[in-house]
Amino acid sequence: MAEVLDLDCVVVGGGVVGLAVAREIAIGGREVVLLEAEPTTGSVTSARNSEVIHAGLYYATGSLKAELCVAGKRMLYDYCRLRSVPHRNCGKLVVAASEAELGYLEKLSRQARANGVEDCYLIDAAELTRREPQIRGFAALVSPSTGLIDSHGLMQAYTADIEANGGAVVCNSPVVEGELVADRVRLSVGGRDPAIIEARLVVNAAGLNAWALSGSLLGLNAGTIPPRHYAKGCYFALTGRAPATQLIYPVPEPGGLGVHLTLDLAGQARFGPDVEWVEAIDYDVDPVRAEKFYSAIRRYWPDLADGALQPAYAGIRPKIAGPDAGGGGDFVIQGPQQTGHPAYLALYGIESPGLTASLAIAQKVAQLAA
Ligand SMILES: Cc1cc2nc3c(=O)[nH]c(=O)nc-3n(C[C@H](O)[C@H](O)[C@H](O)COP(=O)(O)OP(=O)(O)OC[C@H]3O[C@@H](n4cnc5c(N)ncnc54)[C@H](O)[C@@H]3O)c2cc1C
């Protein structure tokens, strides 16, 4: 039998959340090793999103999403300034295309305040046109604290912090199975250098694969694993100049925030993500989906020219609630009490706003681990 490596803490998954968690544990003074299956960190969902720093408007008050988005946003802006991570506090407009949608904006404004987002306010059609001459709508909700971030720059900074605090990030190291043993978790690691590890603390931050990882652990009560749903979101890039200087969102659709205009830090525009419930992981963008994009975008940008959209990329949202439940569902962050084992913590359903909330999620996990 292979030699068993004895470790204090192991984080499985090197996306933005796993990296943030390992960083927090390392800063707290514990030995931590992060295991990532792929050749590089941050190549799955953390590389396939809108890179928006969300304000925290939409989420049910009292939910983990609301709490950790609002707290995480503040921490993230401070962190980006401190560590020179490229970002831009560009703001966003949620546009009501018709009078009928105005009620939704008013509700959203109240929801935002209840979540501790105090800076949102409504503007009318004339003010909307003054601010963004190409965008049309009946009214808009202004969210000044929304922004953009270079997610890869952020993950590099988290990695540097892990290493500066004595932790290690090891790629090409898929955890293939494991077992809960007494007060430890034993993990079998595949890849080029297979190993058996026993750790006093294991955090499952495997994103889309979190359910499969928990399912492979002998001794874990399967009843603790929540339902799993995948909602794919495709993006189309705009050829030509962006029609707005800030982010433009329609009113949300079930499962997502609606096909919105987002920008990269260079000001290039892309639209998405839509919502498609899928069973398997597949990142192809079917050009046929563009048709629905044109009609959705023209509700707020009527001058979008035919042929201006090109298939770009797709991401898949890990969710605990499917279309029958309206596609919502909160983050699930299980400490030892919820997993039923003193050494095992698990994160499920870390979809949007997981990037924004990463530092706050990490703090929560560290508290549960303590
Ligand atoms: C379409 C879309 C748009 C989004 N837009 C935004 C946004 O604008 N703003 C925002 O705040 N959030 C957004 N999000 C959410 C955000 O991207 C995620 O919450 C975040 O990236 C999740 O990070 P993660 O580390 O949990 O998962 P991941 O990035 O998926 O990382 C998990 C890692 O675990 C690894 N792994 C899996 N299994 C194993 C194993 N057995 N052994 C070792 N490693 C393993 C994977 O290879 C992967 O690298 C969006 C998400 C989607 C899908």
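Taken together, the values in this text are just the output of simple stated rules run on the coordinates, not laboratory data. It should be emphasised that the depicted structure is a prediction, and the values quoted were computed from it without experimental measurement. Methodologically, a virtual Cβ is constructed for each residue, glycine included, from the backbone with ideal geometry; neighbour enumeration extends over all protein chains shown.
Estimated from the Cβ-Cβ distance and a Förster radius of 45 angstrom, the FRET efficiency linking GLN338 and VAL4 is about 0.95.
Across region 144-272, Cα pairs under 8 Å and at least six residues apart give a relative contact order of 16 percent.
Would you mind giving the three semi-axes, in whole Å and largest first, of the ellipsoid equivalent to the chain according to its Cα gyration tensor? Don't jump to the answer; show the numbers that get you there.
Working: eigenvalues 287, 81, 73 Å².
Semi-axes, largest first: 38, 20, 19 Å.
Treating each Cα of region 1-66 as an identical point scatterer and summing with the Debye formula, the log10 of I(q)/I(0) at q = 0.15 Å⁻¹ comes to -0.68.
With the simple model of a label 7 Å out from the Cα in the direction of the Cβ, ASN221 to TYR104 spans 4.0 nm. Per-residue extension of 0.36 nm, minus the Cα-Cα distance of VAL181 and ALA195, leaves a gain of 3.4 nm for this segment. Under Stokes-Einstein, with the Kirkwood radius over Cα pairs as Rh, the value for region 1-141 at 37 °C and 0.692 mPa s is 179 µm²/s. Hand me the chymotrypsin sites (Phe, Trp or Tyr not before Pro) from region 256-302 located in a DSSP loop with no more than 12 other Cβ atoms within 10 Å, in residue order please. Qualifying residues, ordered by number: TYR283.
Across the chain, C-alpha contacts under 8 Å between residues 6 or more apart give a mean separation that, scaled by the residue count, equals a relative contact order of 24 percent. Taking the Kirkwood radius as the inverse of the mean 1/r across Cα pairs, report the Rg/Rh of region 145-244. With Rg and the Kirkwood Rh in hand, the quotient comes to 1.09.
Rg over Rh for region 51-208 works out to 1.14, using Cα positions for both radii and the Kirkwood form for Rh.
Give the calculated FRET efficiency between ALA60 and ASP284 to the nearest 0.05, with a Förster radius of 45 Å applied to their Cβ-Cβ distance.
0.85
Computed over Cα pairs, the Kirkwood radius of region 152-309 leads via Stokes-Einstein (1.002 mPa s, 20 °C) to a diffusion coefficient of 110 µm² per second. Axis of helix 354-369 versus longest Cα principal axis of the chain: the two differ by about 30°, to the nearest ten degrees. Helical runs (DSSP H, four residues minimum) scored at -39500 (n - 2.57) apiece and divided by the length of the chain put the mean residue ellipticity at 222 nm at -8500 deg cm²/dmol.
Cα centroids of region 153-193 and region 266-293: how far apart, whole angstrom? After rounding, the separation between the Cα centres reads 31 Å.
The long axis of helix 16-27 is offset from the longest Cα principal axis of the chain by roughly 50 degrees. Applying the Kirkwood pairwise sum to the alpha-carbon positions of region 129-172 produces a hydrodynamic radius of 14.5 angstrom.
Which is the longest part of the chain that has none of the trypsin sites (Lys or Arg not before Pro) sitting in a DSSP loop with at most 14 other Cβ atoms within 10 Å? Before the final figure, lay out each step's value.
Numbers: sites that count: ARG192, ARG241.
After excluding every exposed loop site, the longest remaining stretch is 1-191.
The GluC sites (Glu not before Pro) of region 1-48 meeting both criteria, a DSSP state outside H, G, I, E and B (loop) and at most 10 other C-beta atoms within 10 angstrom of the site's C-beta, are GLU3.
In this simple spin-label approximation, ALA266 and SER295 carry label points 7 Å from Cα along the Cα→Cβ vector, and these lie 3.4 nm apart. Dimensions of region 104-146 from C-alpha coordinates, computed as largest minus smallest value along each principal axis and given longest first, are 31, 20, 11 Å.
For region 226-366, how big is the tail of P(r) above 18 Å, as a whole percent of Cα pairs? All intermediate terms of the calculation are to be shown ahead of the outcome.
Details: 6017 of 9870 pairs.
So the portion of pairs separated by more than 18 Å is 61 percent.
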